[in-house]
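Engineer: Below you will find the structure I want to go over with you.
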Amino acid sequence: MDTTKKKRRIALGCEGSANKLGIGIIAHDPETNEPTVLSNVRHTFVSPPGTGFLPKDTAQHHRAFFVRVAKQALANAGVRPSELDCICYTRGPGMGAPLTSVAVAARTLALLWDKELVGVNHCVGHIEMGRAITGAANPVVLYVSGGNTQVIAYAEQRYRIFGEALDIAVGNCLDRFARTLEISNDPAPGYNIEQLAKKGGRVLLDLPYAVKGMDCSFSGILTRADELAAMMKAGGKGPDGETFTQADLCFSLQETVFAMLVEITERAMAHVGSNQVLIVGGVGCNERLQEMMGAMAAERGGSVYATDERFCIDNGIMIAHAGLLAYETGFKTPLEESTCTQRFRTDEVFVKWRK
Amino acid sequence: MATNTSTAAETAFPCALTLEIPFPDSRLASVALRALRVDKELSPLVQRTLATVIPSALSADDTALRVEYKAATNRMLRVAVNSFFDSLALVVEVMQELDEDVVESRPMDSG
């Protein structure tokens with residue numbers, strides 16, 4: 001065996017800040033630092049149509065599935081615990097009970113396997129995985145999910161928030177509207193809204209457009225969309241004097257909120273002098289959003305980068321990757337400090353691994 | 001004075017429960033202690049102390065986890081203890097299925 005060959009660094013990452021439990025194992029090449037996904041396993045807690053997922057039930061789901069998902073991740077990677085460098089877990093932001101349920105299990109693994117723990121910011125996980133998968137050099141990042149809506153640009157070792165949702169996240173607006181329409185949450189409410197929206201397009205219903213400078217607001221739009229849904233059920237007519245459908249509502253909601261996201265992203269790009277956009281987070285899977293963002297970026301002579309559902313939906317591999325990047329700079333989380341926090345700003349993280 | 005303080009504590013948190021959970025060895029009891037004591041109790045109306053102890057039985061080592069709960073009401077006690085059991089069950093399951101020797105003895109490709 002060549003003993004001068006450096007060992008690749010391997011991390012296991014655990015994610016459970018919302019209703020997805022994800023565990024992934026990543027390797028970093030010792031010479032090139034190239035990341036390789038060794039495994040990425042996820043199980044989603046889906047609540048019945050018309051409902052959302054509550055913290056207690058979600059935490060219970062994560063506890064019930066942790067061992068299963070962890071065993072699968074180890075088996076898929078073909079890695080032994082002794083080969084790991086560290087155990088990474090989502091410190092926050094997110095829902096309290098689900099976050100803590102995963103942290104308890106991660107601590108137990110770290111103690112059993114005698115490995116260090118690394119607490120990771122969920123948003124930074126999305127960003128670093130997006131950068132790694134797409135190879136985008138220094139894009140403006142639009143992070144959009146059920147829990148977060150932020151426009152981010154990197155500057156001097158921080159991911160700076162240039163704009164964000166002032167009330168609810170865009171994904172939360174979509175998810176809650178899916179509950180109003182009582183459409184299925186399987187595989188995700190936003191996915192089903194996207195499919196319905198594709199059948200719309202005949203009419204654009206009037207919804208408020210709420211961009212406020214660099215930021216945007218979605219709760220008023222949701223209220224109006226809910227009102228329109230009630231009107232629809234009562235046989236109300238749209239702007240063209242015809243009745244309208246769920247598909248028309250989904251189409252109109254998407255067009256409105258996505259246009260808002262494109263506007264605040266473009267504003268940040270102009271501010272920063274960038275023409276590249278990286279979209280991360282669950283809402284980033286939406287093809288219409290990617291299309292609209294792509295049109296804007298192309299007009300500016302740039303392009304859009306996006307990942308597929310393995311990486312844009314919450315997952316454990318992004319936690320492993322971001323955690324390993326931090327660990328390689330000497331960062332670790334002492335066991336006594338391995339708590340979770342519901343609020344954890346993206347710019348609180350010192351991004352030591354970048355210049 | 002000692003008697004006054006303990007009386008005050010008893011009246012503030014009259015509902016109490018002590019549990020002693022046996023583990024196969026002191027290493028596992030210690031792992032459980034360290035994993036579970038990190039998170040603070042969410043409510044100021046609940047107090048919890050955790051320690052590893054020599055169990056009432058025939059062992060010479062700290063192979064048991066003792067947890068003492070004191071709460072202002074029975075309802076708070078019940079909620080806190082049930083939540084503790086949920087976390088404890090997870091810790092035990094992880095020990096059972098994912099301890100290093102358990103994983104090593106399993107064939108590489110089985111989930």
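Every read-out reported here was derived from the displayed coordinates using simple, explicitly stated rules and does not represent laboratory data. Quantities reported herein were computed from a predicted structural model and do not represent experimental measurements. Please note: Cβ atoms are built from the backbone with ideal geometry, for glycine as well, and neighbour counts cover all protein chains shown.
Engineer: When Cβ neighbours within 10 Å are restricted to other protein chains, what is their mean count per residue of peptide A:63-69? Walk me through the numbers before you get to the answer.
Structural biologist: Values: counts 7, 4, 0, 5, 7, 3, 1.
Taking all residues of A:63-69 together, the mean is 4.
Engineer: Also, quick follow-up: What is the mean number of Cβ atoms from other protein chains located within 10 Å of the Cβ atom of each residue in peptide B:84-94, rounded to a whole number? All intermediate terms of the calculation are to be shown ahead of the outcome.
Structural biologist: Working: counts 0, 0, 8, 8, 1, 2, 11, 7, 1, 7, 12.
Across B:84-94, the average partner-chain Cβ count within 10 Å equals 5.
Engineer: Taking each residue of A:107-118 in turn, how many C-beta atoms of other protein chains fall within 10 Å of its C-beta, and what is the average? Don't skip to the answer; put the middle values down first.
Structural biologist: Working: counts 8, 15, 7, 3, 11, 13, 4, 1, 0, 0, 0, 0.
Per residue, the average neighbour count from other chains is 5.
Engineer: On to the next question. Mind listing the long-range amide H neighbours of A:C216? Cut-off is under 5 Å, sequence gap 5 or more, other chains count too, H placed in the peptide plane at 1.01 Å from N.
Structural biologist: Placed amide hydrogens put A:E164, A:A165, A:L166 under 5 Å from A:C216.
Engineer: Considering the options B:T52, A:Q60, A:A75, tell which one lies farthest towards the positive end of the dipole of the protein assembly as shown, charges being +1 on Lys and Arg and -1 on Asp and Glu at the Cβ, about the Cα centre.
Structural biologist: Of the options given, the answer is B:T52.
Engineer: Mind jotting down the distance between the C-alpha centroids of region A:79-138 and region A:155-197, whole Å?
Structural biologist: Taking the Cα centre of each part, region A:155-197 and region A:79-138 sit 23 Å apart.
Engineer: Something else about it: Distance check, please: which entries in A:K71/A:K352; A:K332/A:K355; A:K198/A:K233; A:K115/A:K355; A:K71/A:K115; A:K115/A:K332 exceed 22 angstrom between their Cα atoms? Walk me through the intermediate numbers first.
Structural biologist: Working: A:K71/A:K352 32 Å; A:K332/A:K355 20 Å; A:K198/A:K233 20 Å; A:K115/A:K355 28 Å; A:K71/A:K115 17 Å; A:K115/A:K332 10 Å.
Exceeds cut-off: A:K71/A:K352; A:K115/A:K355.
Engineer: Something else now. Amide H to amide H, which residues 5 or more places from A:V118 or on other chains are under 5 Å from it, using H placed in the peptide plane?
Structural biologist: A:I87, A:C88, A:Y89, A:T333
Engineer: By average Cβ neighbour count within 10 Å, what is the ranking of A:57-63, B:81-87, A:186-192, A:311-317 from highest down?
Structural biologist: Descending mean neighbour count gives A:311-317, A:57-63, A:186-192, B:81-87.
Engineer: Size of the dipole of region A:197-346 about the Cα centre, Lys and Arg at +1 and Asp and Glu at -1 on the beta carbon, nothing else charged, in debye to 20? Could the numbers behind the result be given before it?
Structural biologist: Details: 14 positive and 19 negative charges, 20 e Å.
Magnitude of the dipole: close to 100 debye.
Engineer: I would also like to ask the following. If you take the charge dipole of region B:10-98 about its Cα centre, with +1 on Lys and Arg Cβ and -1 on Asp and Glu Cβ, which of B:T18, B:T63, B:L90 is farthest toward its positive end?
Structural biologist: Positive-most Cα among the choices belongs to B:T18.
Engineer: Please list, by residue number, everything in region A:265-285 whose backbone N is under 17 Å from a paramagnetic label point 7 Å out along Cα→Cβ of A:D347.
Structural biologist: Only A:265, A:267-273 fall inside the zone, counting backbone N under 17 Å.
Engineer: How large is log10 I(q)/I(0) at q = 0.11 Å⁻¹ when the Debye formula is applied to the Cα atoms of chain B, each weighted equally and without solvent?
Structural biologist: -0.45
Engineer: Turning to a different aspect of this structure: Please state the charge dipole magnitude for region A:31-83, taken about the Cα centre, from unit charges on C-beta atoms (+1 on K and R, -1 on D and E), reported in debye and rounded to the nearest 20. If you can, show how the numbers build up before the last one.
Structural biologist: Numbers: 6 positive and 4 negative charges, 75 e Å.
Taking the Cα centre of region A:31-83 as origin, the dipole is about 360 debye.
Engineer: Another question about this same structure. So, in Å, what gap is there between the alpha-carbon centers of region A:10-45 and region A:212-276?
Structural biologist: For region A:10-45 versus region A:212-276, the Cα centre distance is 34 Å.
Engineer: Right, here's the next one. Which lysines, if any, have their Cα less than 28 Å from the Cα of B:K70, not counting same-chain residues under 8 positions apart?
Structural biologist: A:K56, B:K40
Engineer: Ok, one more. Only four residue types carry charge here, +1 at the Cβ of Lys and Arg and -1 at the Cβ of Asp and Glu. Report the dipole size of the protein assembly as shown about the Cα centre in Debye, rounded to the nearest 20. Before the final figure, lay out each step's value.
Structural biologist: Numbers: 47 positive and 55 negative charges, 84 e Å.
Dipole of the protein assembly as shown, to the nearest 20 debye: 400 debye.
Engineer: Follow-up. So what J values fall out for region A:174-189 if you push phi through Karplus, 6.51 cos²θ - 1.76 cosθ + 1.60 with θ = phi - 60°, rounded to Hz, Gly and Pro as x?
Structural biologist: Once rounded to whole Hz, the list reads 5, 4, 6, 5, 4, 5, 4, 7, 6, 8, 4, 8, 9, x, 7, x.
Engineer: I've got another one for you. Quick one: divide the alpha-carbon radius of gyration of the protein assembly as shown by 2.2 N^0.38 Å and tell me what you get. Could you put the intermediate results ahead of the total?
Structural biologist: Values: Rg = 24.7 Å, N = 466, 2.2 N^0.38 = 22.7 Å.
Cα-based Rg divided by the globular estimate yields 1.08.
Engineer: Using only the alpha-carbon atoms, how far is helix B:74-98 inclined from the longest principal axis of chain B? Give it as 0 to 90 degrees, nearest 10.
Structural biologist: It works out to around 20 degrees.
Engineer: Please name which of A:S184, A:G16, A:V118 has its Cα lying farthest along the dipole of chain A towards the positive end, using unit charges on Cβ (Lys, Arg +1; Asp, Glu -1) and the Cα centre as origin.
Structural biologist: Farthest towards the positive pole: A:V118.
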